[in-house]
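Chemist: Quick one: the structure is below, and I'll ask about it shortly.
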Amino acid sequence: MSSKRLQEGSDYYLEGELYVFTEKYLLGRGYCCGSRCRHCPYSKEVQAESVRRRLEGHPIKNRAEFIALNPSTKPVKQ
């Protein structure tokens, strides 16, 4: 994503003190980071692999790395 400022309500909402990213924002980011986002648009299998990598100390850091590891993966929600 670009370096634009996040817009509350469109990109995220607050739940207590936690930022909850919207599906729109996560689709625009273009990869699953493995943080177990509530609105993650990727399949459970892709999410599980991203979580595993994160817990092992090798988190996916950007869209290019995600695509290299998951070349045929598309979001399940669009």
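Every number here is computed from the coordinates shown, using simple stated rules; none is lab data. Fair warning: this is a prediction, and the values are worked out from it, not measured in the lab. Every residue, glycine as well, gets a Cβ built from its backbone with ideal geometry; the counts of neighbours run over all protein chains shown.
Chemist: Applying the selection to the stretch 11-34, what residues are outside any strand (DSSP E or B) and under 19 Å from Arg54 (Cα atoms)? Steps first, answer last, please.
Modeler: Taking the stretch 11-34 as the starting set, the residues that turn out to be outside any strand (DSSP E or B) are 11, 16-17, 22-34.
Selection gives Leu26, Arg29, Gly30, Tyr31, Cys32, Cys33, Gly34.
Chemist: So for the stretch 35-57 (the condition being in a loop (DSSP other than H, G, I, E, B) and more than 29 Å from Gly9 (Cβ to Cβ)), does at least one residue qualify? Let's see the steps before the verdict.
Modeler: Going residue by residue through the stretch 35-57, those that are in a loop (DSSP other than H, G, I, E, B) are 35-43, 56-57.
Okay, now just the ones that are also more than 29 Å from Gly9 (Cβ to Cβ), so 56-57.
Yes, some residue in the stretch 35-57 is in a loop (DSSP other than H, G, I, E, B) and more than 29 Å from Gly9 (Cβ to Cβ).
Chemist: Take the stretch 60-73 and flag every residue that is within 27 Å of Gly9 (Cα to Cα) and either touching a strand residue (DSSP E or B) at 6+ places or on another chain (Cβ under 6 Å) or surrounded by 14 or more Cβ atoms within 10 Å (Cβ to Cβ) (or both).
Modeler: Ile60, Phe66
Chemist: Of everything in the stretch 46-58, what is within 15 Å of Ser72 (Cα to Cα) and either surrounded by fewer than 11 Cβ atoms within 10 Å (Cβ to Cβ) or acidic (Asp, Glu) (or both)? Give them in sequence order.
Modeler: Listed by number, the list holds a single entry, Glu49.
Chemist: Looking only at the stretch 5-36, how many residues end up being touching an Asp or Glu at 6+ places or on another chain (Cβ under 6 Å) and over 19 Å from Asn62 (Cα atoms)?
Modeler: Matching residues across the stretch 5-36 total 0.
Chemist: Take the residues of the stretch 1-45 that are among the small types (Gly, Ala, Ser) and over 13 Å from the mean Cα position of the chain (by Cα): which is surrounded by the most Cβ atoms within 10 Å (Cβ to Cβ)? Spell out how you get there, then give the answer.
Modeler: The initial filter retains those residues of the stretch 1-45 that are among the small types (Gly, Ala, Ser), namely 2-3, 9-10, 16, 28, 30, 34-35, 43.
Narrowing further to those that are over 13 Å from the mean Cα position of the chain (by Cα): 2-3, 9-10, 16.
Values: Ser2: 5, Ser3: 4, Gly9: 8, Ser10: 10, Gly16: 5.
Going through the qualifying residues, I end up with Ser10.
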